[in-house]
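The structure under discussion appears below in the form of structure tokens.
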Amino acid sequence: MKKTVLIAMTGFSMLFAGCGGAQKPSGGQTEANIVSDTVPADFKYEVDAFADLQILRYYVPGFNNLTLEQKELVYYLSMAALEGRDILYDQNNKYNLAIRRILEAIYTNYKGDKNTNDYKELEVYLKRVWFSNGIHHHYGEEKFLPGFSKQFFAEQVKSLPDNLIPRDCRAQCEYISADNFIKVITPVMFDPRVMAKKVNQSGSDLIATSANNYYGDGVTQKEVQAFYAAMKDTTNQTPVSYGLNSRLVKTGSGLVEDVWKVGGLYSPAIEKIVGWLEKAQGVAENEKQKEVITKLISYYKTGDLKTFDQYAIAWVEDLNSQVDFVNGFTEVYGDPLGIKASWESIVNFKNVEATKRTEIISTNAQWFEDHSPVDKRFKKESVKGVSAKVITVAQLGGDCYPATPIGINLPNADWIRKEHGSKSVTIENIMEAYDAAGAHTGFNEEFMWSDAEVSLIKKYGFITDVLHTDLHECLGHGSGKLLPEVDPNALGEFSSTIEETRADLFGLYFLADTKLLDLGIIPNAEAYKAEYYKFMMNGLMTQLVRIEPGKNIEESHMRNRQLIAKWVFEKGKVDNVIEFKVKDNKTYVVINDYNKLRTLFGDLLAEIQRIKSEGDFKGAKAIVENYAVKVDQKLHKEILNRYKTLNMKPYKGFVNPVFELAKDNDGKITDIKISYSEGYAEQMLRYSKEFSTLPTNND
Ligand code: ZN
């Protein structure tokens, strides 16, 4: 629930892009040893582009200034980050691994004409499957279809040697014939009605109609809800995250959890992850970090969710290490009921210089809580342990790769957040890469009302965007409290949208507060308008470039942004706070009164916090359905047409840098080299070869 993804694809100026590059020397180095390690002027961000996707690479400023042990730690954690790749494919859909493997086999063994449409479409489809870790769109959740013919597919499968046909491991990992394989897989890939949606958020049975693999065949939503309701001990003040790390299946004797652990489901991958974590343990920076890794290993070995909570608490308490990581079953966006977590990993280290900014924010957390516009009953008397830092990502894995968040706030368990606080990060080298790649696309000029807005964004777009992310992550998610006896899951399928709305509003409201000026973290009293304008334009119009014609909004972050934008638009009508204006048949957002807009953000924050604190399911449902979901078809069409002229891609993802061990004659590690030259297909094929940890069918 606590992930921020990039708001828009605007072309910010490079003015503040240097922030990310300003990595300061890290622990253990003396001044004399320090080399400048910022983004080289000729660094090439663009890697590949296809369908609605663009692939970028990110630089890792400061890596060369880490100590050898820190570099080793980053290396081992990075290997652990890559070993879980297959888990996510299988979680997303039970046929994903078979499909990826057959496509890769066709792609690498192809001997025919590469100029045919079928072949080109095969390449695009495979690249999309890699990007989405499966056959459903990573963001829209709908299945995307191949552009090549069924016949081409069948011919290619039949031309492969038998040993390249993925085996059926549900029984004995037996070979199945090419004909049988084609029969099973063809409708899964080509028929739009089969497994149409990875995560279905609306309809009668969200489990039965979702194509993810978190629940076995024949399991219904009612059964899942009854199963976990029975498991819950409502008097327990420190409940585990029930069901987080398992697949729920139907057996002769009822529903059973297949736990993801060593010796359980996904064991071959998890054993490899544990192996690398054990190496990481040996080069941990301090005792606390060692404890974090030890507990994580123990959790992977036992599958015990209490141990997972202990790990999460130790992780929150580990504030002194420079290197940090996430590795595990973490976010629940992939399950319409928000119970099962997808596997993900991020390896990073602290950006010491930029972290000063977030430290200022988190040191003042109590001031923000006290001054927020929400009802006193819903405020925290004392805000605990809001730790925030700016990080430099060194490796992405699982559900963070290739599409990645720009901010993270963990852990997700409400009681741990309340009693132990949470760790919040802004990922500046990723934001910086987005910014650099987005410059000069003409996007702002096309969609912004006048030169005034364009120049406002040029001046303050990047810094206020970063600050909004900081406030969202450092303060927003950690603010407020539930009334006693309110079930943390009371908002059900609306909880993610409401939670993101809350965090975004908290950030928006305080972005315009003179407190930020007093704290010296915003350039001047007008700067906030850049983010306000961008947010409103995005929420009312431009984020629709990510939606297919005729479709509604499903994804929770997008729902949250439209919810906010449409609500304040409507409530501001009496005072003409925001309006649509048309010029040369083009629609623009115009903000007439920024002060009143801020007041409206505050009003909505108060209402959203009330809904959350009281667990008001009906209120959540009403506000989401009224404001967040529906798309104005006429405006949508116009936006898509204008966007098309810009030749931009609405989604971006990243290739990872490559690490290589340098060793002396005795085999002792002397350095870890980092390089940035690997291409997209090249990286994906290498990962499939080196980190192919799971059999094709895992149920
Ligand atoms: Zn968030």
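Quick notes on this structure:
- Total residues in the range 512-535, condition open to solvent by 10 Å² or more (accessible area, probe 1.4 Å), assigned to a helix (DSSP H, G or I) and over 14 Å from ALA365 (Cα atoms): 5
- ILE297 modelled with pLDDT under 95, more than 16 Å from the ligand (Cβ to nearest atom) and in a helix (DSSP H, G or I): no
- One residue from GLU141, GLU223 being in contact (Cβ under 8 Å) with a residue 60 or more places away in the chain, acidic (Asp, Glu), within 30 Å of PHE308 (Cα to Cα) and surrounded by 15 or more Cβ atoms within 10 Å (Cβ to Cβ): GLU141
- Residues within the range 544-555 that are part of a helix (DSSP H, G or I) and at pLDDT below 95, tallied: 2
- Residue match in the range 551-564 (condition: open to solvent by less than 50 Å² (accessible area, probe 1.4 Å), more than 16 Å from the ligand (Cβ to nearest atom) and in contact with a Leu (Cβ under 7 Å, 6 or more places away or on another chain)): no
- Selection within the range 407-416: residues that are within 16 Å of the ligand (Cβ to nearest atom) and open to solvent by less than 20 Å² (accessible area, probe 1.4 Å). The member of this set that is nearest to THR645 (Cα to Cα) is GLY407.
- Within the option set LYS261, LYS279, LYS356, being open to solvent by 30 Å² or more (accessible area, probe 1.4 Å) and outside the structural domain of ALA388 (by TED's automatic domain parsing) holds for one residue only, LYS261.
- Under the condition of being within 30 Å of PHE654 (Cβ to Cβ) and part of a loop (DSSP other than H, G, I, E, B), the residues counted in the range 346-380 number 1.
Conditions tested, residue by residue: (1) among the charged types (D, E, K, R); (2) within 23 Å of the chain's Cα centre (by Cα); (3) outside the structural domain of GLY492 (by TED's automatic domain parsing).
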site: SER253; (1), (2), (3): no, no, yes
site: GLU271; (1), (2), (3): yes, no, no
site: GLU287; (1), (2), (3): yes, no, no
site: ILE293; (1), (2), (3): no, yes, no
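- Of all residues in the range 211-218, none satisfies being modelled with pLDDT of 95 or more and open to solvent by 60 Å² or more (accessible area, probe 1.4 Å).
- Residue in the range 381-399 that is part of a loop (DSSP other than H, G, I, E, B), under 27 Å from GLU141 (Cβ atoms) and modelled with pLDDT of 95 or more present: yes
- Extreme residue, nearest to PHE131 (Cα to Cα), among residues of the range 144-165 that are polar (S, T, N, Q) and over 33 Å from the mean Cα position of the chain (by Cα): GLN156
- Count - residues of the range 489-512 that are within 15 Å of the ligand (Cβ to nearest atom) and either charged (D, E, K, R) or without any contact (Cβ under 8 Å) to a residue 24 or more places away in the chain (or both): 4
- The set of residues in the range 642-660 that are at pLDDT 95 or above and part of a loop (DSSP other than H, G, I, E, B) comprises ASN656, PRO657.
- Search result, residues across the range 434-484 that are away from the ligand (no atom under 16 Å from the Cβ), at pLDDT 90 or above and over 25 Å from ASN592 (Cα atoms): LYS481, LEU482, LEU483, PRO484
- Of all residues in the range 572-621, those being open to solvent by less than 10 Å² (accessible area, probe 1.4 Å) and assigned to a loop (DSSP other than H, G, I, E, B) number 2.
- Here the range 529-580 is the region considered, the condition is being more than 19 Å from the chain's Cα centre (by Cα) and acidic (Asp, Glu), and the residue that is nearest to TYR651 (Cα to Cα) is GLU548.
The values are calculated or read from the model by the stated rules, or taken from the named source; none is laboratory data. Quick caveat, the model's predicted, so the values are computed rather than measured. Methodologically, a virtual Cβ is constructed for each residue, glycine included, from the backbone with ideal geometry; neighbour enumeration extends over all protein chains shown. Accessible surface is based on the protein model in full, side chains and every heavy atom, while ligands, DNA and RNA are left aside. Shrake-Rupley method; radii C 1.70, N 1.55, O 1.52, S 1.80 Å.
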